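Peer 1: Encoded as structure tokens, here's the structure I'll be asking about.
The values are calculated or read from the model by the stated rules, or taken from the named source; none is laboratory data. Only a predicted model underlies this, so the values are computations on that prediction, with no experimental measurement involved. Don't worry about glycine lacking a Cβ; one is built from the backbone with ideal geometry, like all the others, and counts go over all protein chains shown. When the accessible area is computed, the model is the full protein with side chains, heavy atoms only, and any ligands, DNA or RNA have been set aside. Shrake-Rupley method; radii C 1.70, N 1.55, O 1.52, S 1.80 Å.
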Amino acid sequence: MSILNEISTALQSGKAKIVKELIPQALEAGISSKDILEQGLLAGMDVVAVKFKNNEVYVPEVLIAARAMNAGTEILKPYLAESGAKPIGKALIGTVKGDLHDIGKNLVRMMFEGKGIEVIDLGVDVPPEKFLEAYKAEKPDVIALSALLTTTMGEMQNTIAAFVEAGERDNVIIMVGGAPVTESFRESIGANYYTADAASAAETAKLAIIEKGNL
């Protein structure tokens, strides 16, 4: 088994300690930081994402794998900076105003990072003006809005309305998700995408960012 496969396998099992031991070995063997990131860490998270989507693994396993990925990326950061490797894009995520749920949002963040997307996480109970302010400061490609309560879904519409009013709506991809959210609701509020789970959200975001870059 190649060392990149070993890194991927260790990450899938959530073995952060082994990931941290293997990465310096791979660097010493002359493997580039970009290849270690893409073919080791991100490849491992891709497998976890597919298994999560297929209900073969659950939230605890995803969290442990993400922890192993974070441990690996911490080691790689200075090498990636040196090599000029950049994320594929940037996303701003948050749970909307009035909603304090963050497990789904946190899973989306991990899955986004697992696709090589830089994430700015605004946390929970985020009002429309805070999304807009952060957008203007960070200029992300994607904004992902989460709501776990039927009573807070309307804040997704309010957030989109704030972007329309500010003349920024056409400049950003807006995604929505959460237990009560549906495709028809997405359509009714004018969001770009709805996905039913975190793994699909990350895949959709990646494709949307690539498409946006090709325009």
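Peer 1: Give the label of the value calculated from the structure for Rg and Dmax of the Cα atoms in Å, choosing from (1) 17.7, 55; (2) 15.6, 48; (3) 16.9, 53.
Peer 2: Label (1) holds the value from this structure.
Peer 1: Please list the non-local residues whose amide H lies under 5 Å from the amide H of Ile174, H modeled 1.01 Å from N, same-chain partners needing a gap of 5 or more.
Peer 2: Amide H neighbours of Ile174, under 5 Å, 5+ apart: Ile143, Asn192, Tyr193.
Peer 1: What nm distance separates the two modelled labels at Val50 and Ile210, each placed 7 Å from Cα along Cα→Cβ?
Peer 2: Simple spin-label model gives 1.5 nm for this pair.
Peer 1: Follow-up. May I ask you to evaluate 6.51 cos²θ - 1.76 cosθ + 1.60, the Karplus curve with θ = phi - 60°, for each residue of region 112-124 and list the ³J(HN,Hα) values in order in whole Hz, giving x for glycine and proline?
Peer 2: My calculation for region 112-124 gives 4, 4, x, 9, x, 9, 6, 10, 9, 9, 8, x, 10 Hz in order.
Peer 1: In degrees between 0 and 90, to the nearest 10, how far off the longest principal axis of the chain does helix 43-53 point, with axes built from Cα atoms?
Peer 2: 50 degrees
Peer 1: Leaving ligands, DNA and RNA out of it, report the carbon-plus-sulfur percent of the accessible area of the chain at a 1.4 Å probe. Don't skip to the end; give the middle numbers.
Peer 2: Working: 5470 of 10470 Å².
So the carbon and sulfur contribution to the accessible surface is 52 percent.
Peer 1: Further, regarding this structure: Enter the accessible area of Leu207 (Å², nearest 10), with the probe set to 1.4 Å and all protein chains included.
Peer 2: 100 Å²
Peer 1: Given an 8 Å cut-off on Cα distances and at least 6 residues of separation, report the relative contact order of region 53-158 as a percent. Walk me through the numbers before you get to the answer.
Peer 2: On the way: 127 pairs, mean separation 34.7, N = 106.
Normalised by residue count, the contact order of region 53-158 is 33 percent.
Peer 1: Please give me, ordered by residue number, the trypsin sites (Lys or Arg not before Pro) of region 123-188 that lie in loop per DSSP and have at most 10 other Cβ atoms within 10 Å. Write out the running numbers ahead of the final one.
Peer 2: Details: sites: Lys130, Lys136, Arg169, Arg186; in loops: none.
Here no loop site has a sparse enough neighbourhood.
Peer 1: Follow-up. Under 5 Å between amide hydrogens, which residues at least 5 positions from Thr95 or on another chain qualify, with H placed 1.01 Å from N in the peptide plane?
Peer 2: Hits under the 5 Å cutoff: Gly123, Val124, Asp125, Val126, Ser146.
Peer 1: What is the sum of charges, Lys and Arg at +1 and Asp and Glu at -1, for the other residues whose Cβ falls under 9 Å from the Cβ of Thr95?
Peer 2: Local net charge: -1.
Peer 1: For region 65-105, report the accessible area per residue in Å² (1.4 Å probe, heavy atoms, rounded to an integer). Show your work: numbers first, answer last.
Peer 2: Working: 2080 Å² over 41 residues.
Value for region 65-105: 51 Å² per residue.
Peer 1: Also, quick follow-up: Given +1 on the Cβ of Lys and Arg, -1 on the Cβ of Asp and Glu, and no further charges, what dipole in debye does the chain carry about its Cα centre, rounded to the nearest 20?
Peer 2: Details: 21 positive and 29 negative charges, 48 e Å.
Here the size comes out at about 240 debye.
Peer 1: Another one. If we count every other residue with Cβ under 11 angstrom of Tyr135's Cβ, Lys/Arg +1 and Asp/Glu -1, where does the sum land? Numbers along the way, then the final one.
Peer 2: Working: positive: Lys90, Lys130, Lys136, Lys139, Arg169; negative: Glu129, Glu133, Glu138, Asp141, Glu168.
Once all neighbours under 11 Å are counted, the net charge is 0.
Peer 1: Right, here's the next one. List the chymotrypsin sites (Phe, Trp or Tyr not before Pro) within region 42-92 that fall in a DSSP loop (any state other than H, G, I, E or B) and whose Cβ has at most 15 other Cβ atoms within 10 Å. Display every interim value, and only then the final one.
Peer 2: On the way: sites: Phe52, Tyr58, Tyr79; in loops: Tyr58.
In loop regions of region 42-92 (DSSP not H, G, I, E or B), the sparsely surrounded chymotrypsin sites (Phe, Trp or Tyr not before Pro) are Tyr58.
Peer 1: Can you tell me the 0 to 90 degree angle between the C-alpha axis of helix 198-214 and the longest principal axis of the chain, rounded to 10?
Peer 2: Result, in degrees: 90.
Peer 1: If you don't mind, another one. Let me check against my output: what whole-number percent is the relative contact order of region 132-215, with C-alpha pairs under 8 Å and at least 6 apart?
Peer 2: 30 percent
Peer 1: Continuing with this model, one more query. Please give the helix 16-28 orientation as an angle from the longest Cα principal axis of the chain, in degrees from 0 to 90, rounded to the nearest 10.
Peer 2: 60 degrees
Peer 1: Using only DSSP helix segments of four residues or longer, with each worth -39500 (n - 2.57), what per-residue ellipticity at 222 nm results for the chain after dividing by its residue count and rounding to 500?
Peer 2: Numbers: 9 runs with 118 residues, N = 215.
Value at 222 nm, helices only: -17500 deg cm²/dmol.
Peer 1: Quick check on region 111-209: take the gyration tensor over C-alpha atoms, sort the square-rooted eigenvalues as a ≥ b ≥ c, and tell me if it's rounded (a/c under 1.5), prolate or oblate.
Peer 2: Values: a/c = 1.41, a/b = 1.04, b/c = 1.35.
Rounded is the answer for region 111-209, as its axis ratio a/c remains below 1.5.
Peer 1: Shifting gears a bit: Using alpha carbon centroids, what distance separates region 38-91 and region 145-159, in Å?
Peer 2: Taking the Cα centre of each part, region 38-91 and region 145-159 sit 28 Å apart.
Peer 1: Whole-Hz ³J(HN,Hα) for each residue in region 84-100, computed from phi via Karplus 6.51 cos²θ - 1.76 cosθ + 1.60 with θ = phi - 60°, x for glycine and proline: what do you get?
Peer 2: x, 5, 10, x, 6, x, 10, 10, 10, 10, x, 8, 5, 3, x, 10, 9
Peer 1: Longer than 25 Å from Cα to Cα, which of Lys15/Lys212; Lys136/Lys206; Lys20/Lys86; Lys17/Lys139 are they? Say none if no pair is.
Peer 2: Working: Lys15/Lys212 35 Å; Lys136/Lys206 21 Å; Lys20/Lys86 21 Å; Lys17/Lys139 35 Å.
With Cα atoms farther than 25 Å apart: Lys15/Lys212; Lys17/Lys139.
Peer 1: Taking the Cβ of Gly154 as the center, what net charge do the other residues with Cβ under 13 Å away carry, scoring Lys and Arg +1 and Asp and Glu -1?
Peer 2: Here the count lands on -1.
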